[in-house]
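Input: a single structure, listed below in structure tokens.
Nothing in this text is a laboratory measurement; each read-out follows from the coordinates by a stated rule. Model, not experiment: these values are computed from the prediction. When we count neighbours, we look across all protein chains shown, and the Cβ atoms used for this are built from the backbone with ideal geometry, even at glycine.
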């Protein structure tokens with residue numbers, strides 16, 4: 001059985017289906033000091049960092065995760081928007097040299113368990129941050145502020 005693309009999995013999803021989705025963005029490029037990861041989930045679930053064992057190499061651990069990630073909550077509708085924008089992005093079908101690790105973990109959903117990690121560079125990294133930010137409600141000030149801080153740390 002082949003592993004379906006995210007767009008195939010998340011296309012028919014509803015907000016309820018992605019309530020348990022968690023998203024983590026980790027800057028893995030050259031840094032003067034660790035930039036905290038950003039992790040967010042629906043307000044129906046608490047962030048669980050154990051869901052984010054690096055998929056590329058389970059022995060790998062991101063130093064930024066130990067710095068204490070920034071977290072915020074999103075509504076199920078916002079999470080569906082994030083999931084669909086990420087799933088439809090060109091980087092969801094290709095790999096790039098490391099700059100940003102974008103991980104998605106979904107549990108407890110009729111869609112089954114989903115785990116994906118993308119290693120993105122340059123424009124693809126900025127596109128991923130923009131995709132997440134653009135999917136957030138204008139009323140989600142905390143989420144938008146956290147994403148602005150994270151975007152400001154990217155090269």
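Assorted remarks:
- Theoretical gain in end-to-end length, residue 113 to residue 48 [0.36 nm per residue, Cα-Cα removed]: 21.9 nm
- Inter-label distance, nm, simple model (7 Å from Cα along the C-beta direction), residue 126/residue 14: 3.9
- Peptides 75-83, 131-139 ordered by average Cβ neighbours within 10 Å, highest first: 75-83, 131-139
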